[in-house]
Amino acid sequence: MENGREDVVLEVRDVTMKFNKYEVGVNSLKELVVRAFKKNLKKSKFECLKGVSFDVHRGEAVALIGKNGAGKSTLLKIVSGILKPTTGYAKRYGRITPLLRLGAGFDGNATGLENIYLNAAILGYTKKDIDAKVPAIIEFSELGDFIYSPIKTYSSGMMARLGFSIAVNMESEILLIDEILAVGDIAFNKKCHEKLAELQKQGLTFLIVSHGEAVKRYCKRAIWIDGGLVREDGDISVVFKHYTEAMTKKPAAPQPAAAQAAKPAIAQVQKPAAPAHAEAKPAQSAAQQAQKTVPAQPATASKPAQPKQ
Amino acid sequence: MKNKTGSITQRMYLMRLLVRRNIKNQYYRSFIGVLWTVLNPLLNMLVMAFVFSAIFGRHTDGLDYPIYILSGNIIFGVMRSSTSSSLTCLVGQSDMLQKTKVPIEVFPTANTFSALVTFGFSFIALLIVAGFRALPIWDGIGASYYTFHWQIVLVVLILPALTIFSLGISFFLSGLYVFFRDIRHIYTVLLTLWTYLTPLFYSLNSFEGTDSILPKIMKFNPMYHYVDAFRDMLMGAIPSVKTWIAMYVFAAISIIIGWLFLQAIKNKIAANL
């Protein structure tokens, strides 16, 4: 794989991404004026990525893993050029097809066929390119005559099929995939995986965001993003092992809030009321536990689950 | 170089698809479909002509009133529909803009071209009305209210300026709306104000002799020049050099501001959708 620099198709260098926290809230002129008067316009920066660097070589398939909110999707958007990083750069050598949300940007009033043309034209293909690919797209999507019906009559599964078919059938060198491998029913899902495997054999480069182990069939390499940094980059089974350990076990660096949450829980161990109830429950997702307002999780006090912020 | 021309053809193709989609969606699946694009301005004109001719009389500035009112409205309509549809176009496409790297300029541009296509249909409506008024059947004495002049073809020289002017505002508004979602309400009001400050159904001549400020500020209203030039042509006159300069200078100012603004905020748009 390491064939030198000319083989690099994706070059990500020192990418940092900052969001103004207030940008999320203020999106009206009224709000801006009101806050300016109240001197409430603090621009607290939220740093989503803090200097991420990696290279992806031609024909490589790389999995991006990390917990929710770690910055994986933002990184994918930067790689595809949708977002511009605050500092650093992401260079692409070759045509890139982002598969971030299937069926996004379809026009409900237009037919499936019209949407194929529109979607592909927006991705940057010419009429000639599209004309040549349309039969393959229609065949792959298995939509049959529905291709002549307006998209708004489609089910979400049909929409996803169409989106996937367009993305994988148009010629490109790099595919960016964001947790969309679960497309359609079992049969279609199988077909998608077969198609991806075929594309991989043809030498396409993949960058896949995923939580599941399913990506192991494509990827030999994984990059673990944690807290806006590359925590580990290497062989997928090793990285996945460490990642799974970190996610299920005690967090490596407990945040202050986590410590605080743990205190009352320990205090409650003395009270004999709750334990039986809590112990009966299987350790569910951390998010679910954190949502409970009653801090009665004594069973997990010795092995505290990480509360979601 | 070849790559460059290839990408321009591609961009043109995308633009064509977007314009076609806009026009189709406008009258999607309505009873008589695309015919509405001609019927709509025609019927609107009839209503306005019916209402306002009672107030302003049959002739205005030497032009038959129905033609006066229709000509003003279809010129103003290019700017109106282009800007008001562009206002929300980037936010409306947020799905797509967050999913793929798209040159964002294509969306306001497509809207402006759609407005231009609608103008084409409205122009047909205008020709129908003019043809009708040119028949020697009126007044019971075989008089006609309108005569055609060759200068009407000069409208193609107004359109580039009008398009560029509308495009500049469309660029500006589409970008601004991403950050301030309440400007939609402000713009609706401003557009109404602008409509009434442009002599669309009244005539500036009716202010002669009064100390109204309106005629004095009118030369700063860009839309006045486009409307005025078009009416000159309909009456068989060629607009003055001053009018031509005003039309193209306003267009240039508008496109420069709009374009620079959009370039300045381009990289922040995807994060704010």
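Which one of A:160, A:187 is more than 30 Å from residue A:57 (Cα to Cα) and either out of contact with any Phe, Trp or Tyr (no Cβ under 7 Å at 6 or more places or on another chain) or surrounded by fewer than 18 Cβ atoms within 10 Å (Cβ to Cβ) (or both)?
Going through A:160, A:187 in turn, the sole match is A:187.
When you check residue A:90 against the structure, is it surrounded by 19 or more Cβ atoms within 10 Å (Cβ to Cβ), small (Gly, Ala, Ser) and either modelled with pLDDT of 85 or more or not in a loop (DSSP other than H, G, I, E, B) (or both), yes or no?
Working: surrounded by 19 or more Cβ atoms within 10 Å (Cβ to Cβ): yes; small (Gly, Ala, Ser): yes; either modelled with pLDDT of 85 or more or not in a loop (DSSP other than H, G, I, E, B) (or both): yes.
Spelling it out, residue A:90 is indeed surrounded by 19 or more Cβ atoms within 10 Å (Cβ to Cβ), small (Gly, Ala, Ser) and either modelled with pLDDT of 85 or more or not in a loop (DSSP other than H, G, I, E, B) (or both).
Residue by residue through the range A:130-149, note down the ones that are part of a loop (DSSP other than H, G, I, E, B) and charged (D, E, K, R). Give the steps one after another, and end with the answer.
The first filter runs over the range A:130-149 and keeps only residues part of a loop (DSSP other than H, G, I, E, B), leaving A:142-143, A:149.
Selection gives A:142 alone.
What's the total number of residues in the range A:93-114 that are under 18 Å from residue A:178 (Cβ atoms), outside any loop (DSSP other than H, G, I, E, B) and free of Cβ contacts under 8 Å to residues at least 60 places away in the same chain?
0
For the range A:85-128, which residues satisfy the criterion of being of a type in the set (Lys, Arg), facing another protein chain (nearest Cβ under 8 Å) and touching a strand residue (DSSP E or B) at 6+ places or on another chain (Cβ under 9 Å)? If you could, list the steps in order and put the result at the bottom.
Going through the range A:85-128, the residues of a type in the set (Lys, Arg) turn out to be A:91-92, A:95, A:101, A:127-128.
Next, from what is left, pick out any that are facing another protein chain (nearest Cβ under 8 Å): A:101, A:127.
A:101 - this is the single residue of the range A:85-128 that is of a type in the set (Lys, Arg), facing another protein chain (nearest Cβ under 8 Å) and touching a strand residue (DSSP E or B) at 6+ places or on another chain (Cβ under 9 Å).
From B:114, B:82, B:122, grab the single residue that is surrounded by 19 or more Cβ atoms within 10 Å (Cβ to Cβ) and touching a Gly at 6+ places or on another chain (Cβ under 7 Å).
Among B:114, B:82, B:122, only B:122 is surrounded by 19 or more Cβ atoms within 10 Å (Cβ to Cβ) and touching a Gly at 6+ places or on another chain (Cβ under 7 Å).
Among the candidates B:142, B:120, which residue alone is modelled with pLDDT of 85 or more and more than 18 Å from residue B:178 (Cα to Cα)?
Numbers: B:142 fails: modelled with pLDDT of 85 or more.
The match here is B:120.
Go through the range A:52-72 and count every residue that is small (Gly, Ala, Ser) and buried (at least 18 other Cβ atoms within 10 Å of the Cβ).
Within the range A:52-72, residues that are small (Gly, Ala, Ser) and buried (at least 18 other Cβ atoms within 10 Å of the Cβ) number 5.
How many residues does the range B:230-246 hold that are more than 20 Å from residue B:70 (Cβ to Cβ) and in a loop (DSSP other than H, G, I, E, B)?
2
When the range A:117-129 is examined, which residues are found to be part of a helix (DSSP H, G or I) and either of a type in the set (Asp, Glu) or farther than 18 Å from residue A:175 by Cα (or both)?
A:117, A:118, A:127, A:128, A:129
Looking at B:102, B:129, which one is away from chain A (no Cβ under 14 Å), more than 14 Å from the chain's Cα centre (by Cα), of a type in the set (A, V, I, L, M, F, W, C) and buried (at least 17 other Cβ atoms within 10 Å of the Cβ)?
B:129
Condition first: touching a residue at least 12 places away in the same chain (Cβ under 8 Å) and within 14 Å of chain A (Cβ to nearest Cβ). Now tell me which residues in the range B:68-99 satisfy that. Give the steps one after another, and end with the answer.
Step one: list which residues in the range B:68-99 are touching a residue at least 12 places away in the same chain (Cβ under 8 Å), which gives B:68-91, B:93-94, B:97-98.
Listed by number, the residues that qualify are B:87, B:88, B:89, B:90, B:91, B:93, B:94, B:97, B:98.
Of all the residues that make up the range A:190-215, how many are part of a helix (DSSP H, G or I), surrounded by 14 or more Cβ atoms within 10 Å (Cβ to Cβ) and at pLDDT 80 or above?
The qualifying residues number 7.
Return yes when residue A:37 is among the aromatic types (Phe, Trp, Tyr) and touching a residue at least 12 places away in the same chain (Cβ under 8 Å) and no when it is not.
On the way: among the aromatic types (Phe, Trp, Tyr): yes; touching a residue at least 12 places away in the same chain (Cβ under 8 Å): no.
No; evaluated as a whole, the condition is false for this residue.
More than 23 Å from residue B:98 (Cβ to Cβ), among the charged types (D, E, K, R) and either within 11 Å of another protein chain (Cβ to nearest Cβ) or outside any helix (DSSP H, G or I) (or both): is that true of residue A:152 in this structure?
In short, no.
Being assigned to a loop (DSSP other than H, G, I, E, B), within 10 Å of chain B (Cβ to nearest Cβ) and in contact with a helix residue (DSSP H, G or I) (Cβ under 8 Å, 6 or more places away or on another chain) is the filter here, so list the residues in the range A:58-84 that pass it.
A:82, A:83, A:84
More than 14 Å from chain A (Cβ to nearest Cβ), under 17 Å from the mean Cα position of the chain (by Cα) and under 30 Å from residue B:52 (Cβ atoms): which single residue out of B:240, B:212, B:206, B:170 fits that description?
On inspection, the qualifying residue turns out to be B:170.
Sort out which residues of the range A:216-227 are buried (at least 20 other Cβ atoms within 10 Å of the Cβ) and in a loop (DSSP other than H, G, I, E, B), and write them in order of number.
A:218, A:219 - these are the residues of the range A:216-227 that are buried (at least 20 other Cβ atoms within 10 Å of the Cβ) and in a loop (DSSP other than H, G, I, E, B).
The values are calculated or read from the model by the stated rules, or taken from the named source; none is laboratory data. Only a predicted model underlies this, so the values are computations on that prediction, with no experimental measurement involved. So basically every Cβ, Gly included, is an ideal-geometry build from the backbone, and we count neighbours across all protein chains shown.
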